[in-house]
Amino acid sequence: MLKINRIKAISRTDGGEYGFDYTLSAGLNLISSAENTKGKSSAILAIYYCLGLEEIIGGKGKKILTSVYKTVVEGEDKGTYNVLESEAWLEISNGIEVVTIKRAAEMINRNENLIT
């Protein structure tokens, strides 16, 4: 059984760092928000992307990711900032071992297909 312990993503922009860091507990976890553009889809896409399963949802590589990973982030101040680098981490467990997976979407000198 695969258990997701943690999902984290960081986008470094010309206006600072943006992202999320969700720790999931045992059982059912819900990712919700009363507002739009709060990272719900980005969190789910990070799971697929880190596991290398993005083709399941119809794309290959970073093409499936939202703009916050690739091009632009809208800040809390309603300003827009260019993405310079972005990466996602996924901590998973099979009940015995815990593994952390890292995959970059935008990063100089790092191939987007590389999963660490």
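Picking from T71, M1, Y49, whose Cα lies most toward the positive end of the charge dipole for the chain (charges on Cβ: Lys, Arg +1; Asp, Glu -1)?
The residue sitting most towards the positive pole is M1.
Can you list residues whose amide H is under 5 Å from A105's amide H, if they're 5+ apart or on another chain and H is modeled 1.01 Å from N?
Those lying under 5 Å, H to H, from A105 are S86, E87, A88.
Of all trypsin sites (Lys or Arg not before Pro) in region 24-115, which ones are in loop regions per DSSP and have a Cβ with at most 10 other Cβ atoms within 10 Å?
Within region 24-115, the qualifying trypsin sites (Lys or Arg not before Pro) (loop, at most 10 other Cβ atoms within 10 Å) are K60, K78.
Using 0.36 nm times the number of residues separating L28 and T71, minus their current alpha carbon distance, what extension gain do you get? All intermediate terms of the calculation are to be shown ahead of the outcome.
On the way: separation 43, 0.36 × 43 = 15.48 nm, distance 3.23 nm.
Additional length available on full extension: 12.2 nm.
Over the chain, what percent of the accessible surface lies on carbon and sulfur atoms, probe 1.4 Å?
Carbon and sulfur together cover 53 percent of it.
For D21, what accessible surface area do you get with a 1.4 Å probe? Give it in Å², rounded to 10.
Taking all protein chains as shown, D21 has close to 70 Å².
Is it possible to state the helix-based mean residue ellipticity at 222 nm for the chain, with each DSSP H run of 4+ residues giving -39500 (n - 2.57), the sum divided by total residues, to the nearest 500 deg cm²/dmol? What is it?
On the way: 2 runs with 16 residues, N = 116.
Calculated at 222 nm, the ellipticity per residue is -3500 deg cm²/dmol.
What does the accessible area per residue of the chain come to in Å², with a 1.4 Å probe and no ligands, DNA or RNA counted?
Dividing the accessible area of the chain by its residue count gives 62 Å².
The values are calculated or read from the model by the stated rules, or taken from the named source; none is laboratory data. Since the structure is predicted, the reported quantities are computational estimates derived from the model, not experimental observations. Heads up, the Cβs are rebuilt from the backbone with ideal geometry, glycines too, and the neighbour counts pull from every protein chain shown. All accessible areas refer to the heavy atoms of the entire protein, side chains included, with ligands and DNA or RNA removed. Shrake-Rupley method; radii C 1.70, N 1.55, O 1.52, S 1.80 Å.
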